[in-house]
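Scroll down for the structure; my scribbles are underneath it.
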Amino acid sequence: MLLAPSTVIVGAVLIAPLGMLLAISLLQRNPNGGVIWGSFSLDAYTGFLFERGFSGERELNWDYVSIFARSVGLAGIATITSFVIALPTALWMAFQPPQRRLLLVFLVTLPFWTNLLVRNYAWILLLRADGLIEQLLHALGLLDGRMGIIYTPTATAIGLTYSFLPFMLLPIYLSLEKLDRRLIEAAFDLGASRWRTLARIILPLCMPGILGGVILVFIPGLGAFISPELLGGGKTMMVGNLIQAQFGYGRNWPFGAALAFVLLVLVLAATYLHRIRFRPAS
């Protein structure tokens, strides 16, 4: 009975919308938008791999699979890049005096005070032709001509990394802050080098924070919409853009709902496999 209020809330805000989305994915599309209620169809799911040819036969179509693969690749690049930046930064933050640590955490969370859309527009101004970064590289003599980064997968990866970097940094920092410093001192006393201490002591003990950061970066990055739309210029379509297009000008609600469910199944499968792989020994 004590869990009943929370169960009702979860059912209302999570389970019911997902059930409605599943129902829409199993209906036929209405050419004018929406669905035709009472018309069961699996066309939305078969359309992920097949399309109708001119003579009406089904033909394999790998376009949507390539979009999913691109999304996984860019989300993976953003996750790896965020980890490479976040680990040394969090390690440095964790060994600062307490008052300075509070200031640094505040600075890390400061970008959240600005809308994500505005932050991505700022990156357009930085990466575009004759933008601030290009002008600086020209002034330093490090670049001749144009960078050519804007509206490319590289720009999208930069935007994803910037958007989700705090989600990697903060969990790792929280794990390192709780680290027993005596273990590090004992490793040094026993003759371990800094790299060996990092590999054998620090990384294993902060692994929960690393895994939490990976999940918090990879899963939102997989369904990101704003960064591919603005920094990719519509040329680097990801799953989030494809779903939005189906519910928008594509007017194919069942296919958009099916794509959302395919993405959900992939994320849940990856999470389940990760749970099995890192399940504690009983």
Quick count over segment 116-139, residues being closer than 24 Å to residue 220 by Cβ and among the polar types (S, T, N, Q), is 1
inquiry  = When you check residue 221 against the structure, is it on the phi > 0 side of the Ramachandran plot and of a type outside the set (D, E, K, R), yes or no?
reply    = no
Of the residues in segment 236-256, those that are surrounded by fewer than 22 Cβ atoms within 10 Å (Cβ to Cβ) and among the hydroxyl-bearing types (Ser, Thr, Tyr) come to 249
### Task
Return yes or no: is residue 114 closer than 22 Å to residue 159 by Cβ and of a type in the set (S, T, N, Q)?
yes
Residue check: is residue 190 aliphatic (A, V, I, L, M) and either within 18 Å of the chain's Cα centre (by Cα) or surrounded by 14 or more Cβ atoms within 10 Å (Cβ to Cβ) (or both)?
-> no
**Request:** Determine if segment 45-60 includes at least one residue that is touching a Lys or Arg at 6+ places or on another chain (Cβ under 6 Å) and surrounded by 12 or more Cβ atoms within 10 Å (Cβ to Cβ).
**Result:** yes
Being farther than 16 Å from residue 263 by Cα, modelled with pLDDT of 85 or more and not β-branched (Val, Ile, Thr) narrows 17, 5 down to just 5
Scanning segment 22-40 residue by residue, those surrounded by 11 or more Cβ atoms within 10 Å (Cβ to Cβ) and farther than 13 Å from residue 252 by Cα turn out to be 22, 23, 39
Filtering segment 89-144 down to residues that are touching a residue at least 24 places away in the same chain (Cβ under 8 Å), among the basic types (Lys, Arg) and farther than 15 Å from residue 227 by Cα yields 101
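Residues checked against (1) without any contact (Cβ under 8 Å) to a residue 24 or more places away in the chain; (2) not charged (D, E, K, R):
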{"position": "57", "(1), (2)": "yes, no"}
{"position": "60", "(1), (2)": "yes, yes"}
{"position": "63", "(1), (2)": "yes, no"}
{"position": "68", "(1), (2)": "no, yes"}
{"position": "71", "(1), (2)": "no, yes"}
{"position": "76", "(1), (2)": "no, yes"}
{"position": "79", "(1), (2)": "no, yes"}
{"position": "83", "(1), (2)": "no, yes"}
Note: among 262, 239, 217, just one is over 30 Å from residue 148 (Cβ atoms) and in contact (Cβ under 8 Å) with a residue 24 or more places away in the chain, namely 262
Okay, helices (runs of 4 or more DSSP H) sitting entirely in segment 52-168 with 3 or more residues that are among the β-branched types (Val, Ile, Thr), I get 63-94, 98-109
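The values are calculated or read from the model by the stated rules, or taken from the named source; none is laboratory data. Nothing here was measured: the structure is a model prediction, and the numbers come from that model. Neighbour counts are summed over all protein chains in view; Cβ atoms, including those assigned to glycine, are modelled from backbone coordinates with ideal geometry.
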